[in-house]
Amino acid sequence: DLNAWVMGELRSDNTHYDIDRGASASIAVTSRLAVADFLDDDGNQVTNEKYNNSYVGISRANVILDRITDIQMDQAKKDQIIAEARFLRAFLYFELVRYYGSVPLPLHEVKNAAEAESQRSTVDEIYAQIMDDATAAAAVLPPKAKELGRASKAAAKTLLGYVYLTRKKYAEAEAVLKEVTGYGYSLLADYRSIFDPANKTNNELIFEAQYKDGANGMPSNFIYFFAPQTPDIFPITGFHLNNRGTGGLNVPTPGMLACYKEGDTRFDASVAIAEGSGAAGSFVIDAVKSPVDYIAPSGKIGRPFIRKYSWTHSVVSQTNSNWPIYRYADVLLLLSEALNEQGKSTEALTYLNQVRHRAFAGEGTITVTDQSALRDSIAQERRVELAFENKRWPDLVRTGKAIEVMTADGIKMKELDPGLNPNSYKVTDWRLIFPIPRREILVANLTQNSGY
């Protein structure tokens, strides 16, 4: 889903937007801004697309699972396909229940209009199905995927780890995540190299959304959204292109930039500064600079943008960058959290500090053992390590911090951007999930989430 970053990052305190509102009036752009500002409704294009796309994937998985039984083929291959389909169905239902709450739970191919009328299942029922599918997939799949893009035992158990943490089943989360640490994954020495399109089979990546440039592929184009709005994006991409109506989105906030402490090698790997002059929309980029100790020279403006997905590519607006979904550092931090929530702070530190030491070249050891303080340290480490990977908003909701954090962030954003709607950032309980699409309410006769 090319818009997943809107709901996972732009909704959070990690990023905001820096745009010329007059040049950004398309439905696609205004829908993204509404999600960022907590002004989205049941007609929002972005949230509706995620809902619909998730069910397209679930429908395809259901077709495979219903039809494959009668196909004569190698049993081992059949078992693999069934396991992969169940993993994907579990993953997509996890996305739906996290972002929309109670949703319909079809588990078979829909063959007629009557079968399409499915009422919403409870959150408990959905999670039970996710755990059943992911557990079944993990029992069959190899520890590591043998082909690029395929699911693995590690991916299925990482998904289970997320589910158990979300459901506050910390001992169960510890058990499955410790299994993943035995599957041969490791942290790369160079943080930026994890995201290099030429390094897609590296030992830290567990599961990614796969993209491929070229005529026969499905290219990504994240950097064109994340770069500043400018009449010429050449200094960032190497192509002359007017980026006024596309860029200026998912911009790292001042609060996000402040999270990177001195010596953190992830800062320069994740963020860059476009230096130039002019207002948003007419901003002319002179150079791309490192954010480390950056101070704009007299007469210049430095606009931060996400560098993590900025790599050399051969065709304008077609990049080869994948989007990470699960990687080994994420597993280590989830495991640290599961241990700390059980009062095992000393053991939790061993996994947390593996991530810290990679980021700080062997330094940066965290020693705090108080459960509450360590909980905050782990959350902060997840924010920086997994920045711009769609983890922040779900983490805030999962840990019960979303209303507190985003209310405070809204106050800061309104100070920085006087053009924000006065009704923006009214973060309430019902806005922790997104609305069921209006079409589903009208056609499928579903009830709407409270508040919308």
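The values are calculated or read from the model by the stated rules, or taken from the named source; none is laboratory data. On a predicted model such as this, the values are computed, not experimentally measured, just so you know. Glycine gets a Cβ as well: all are built from the backbone with ideal geometry, and neighbour counts include every protein chain shown. When the accessible area is computed, the model is the full protein with side chains, heavy atoms only, and any ligands, DNA or RNA have been set aside. Shrake-Rupley method; radii C 1.70, N 1.55, O 1.52, S 1.80 Å.
Listing for the model above:
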quantity	calculated
Whole-number percent relative contact order across the stretch 1-111, with pairs defined as alpha carbons under 8 Å at least 6 apart	25 percent
Amide proton proximity set for residue 17, modelled H, under 5 Å, gap of 5+	251
Gyration tensor (alpha-carbon) shape descriptor, the chain, a/c threshold 1.5	rounded
Relative contact order [Cα under 8 Å, 6+ residues apart], the chain, whole percent	20 percent
Per-bin percent of Cα-Cα distances, the stretch 302-452 [5 Å]	1, 7, 12, 13, 15, 15, 14, 12, 7, 3, 1, 0
Net dipole in debye of the stretch 186-340 [+1 Lys, Arg Cβ; -1 Asp, Glu Cβ; about Cα centre; nearest 20]	280 debye
5 angstrom amide H check on residue 232, placed H, neighbours 5+ away	243, 285
Taking N as its residue count, the alpha carbon Rg of the stretch 378-435 over 2.2 N^0.38 Å	1.21
Cα centroid separation, the stretch 333-373 to the stretch 78-110 (Å)	32 Å
Tensor-based shape of the stretch 324-397 (alpha-carbon gyration tensor, a/c under 1.5 rounded, otherwise prolate or oblate)	oblate
Cα gyration tensor shape of the stretch 266-310, rounded if a/c is under 1.5, else prolate or oblate by comparing a/b with b/c	oblate
By average C-beta atoms within 10 angstrom, highest first, the peptides 412-422, 86-96, 377-387	86-96, 377-387, 412-422
Radius of gyration and maximum dimension Dmax of the stretch 166-238, Cα, Å	18.0, 53
Per-residue ³J(HN,Hα) for the stretch 441-450, Karplus 6.51 cos²θ - 1.76 cosθ + 1.60, θ = phi - 60°, Hz, x for Gly and Pro	5, 7, 8, 8, 6, 7, 7, 8, 4, 4
Accessible area of the chain belonging to carbon and sulfur atoms, whole % at 1.4 Å probe	53 percent
Alpha-carbon centroid distance for the pair the stretch 250-292 / the stretch 23-59, whole angstrom	27 Å
Rg/Rh for the stretch 235-309, where both radii come from Cα atoms and Rh is the Kirkwood radius	0.95
Rounded accessible area per residue of the stretch 225-337, 1.4 Å, Å²	36 Å²
Å² of accessible area per residue within the stretch 78-203, as computed with a 1.4 Å probe and no ligands counted	42 Å²
Stokes-Einstein D in µm²/s, Kirkwood radius over Cα pairs - the stretch 87-168 at 10 °C with 1.306 mPa s viscosity	117 µm²/s
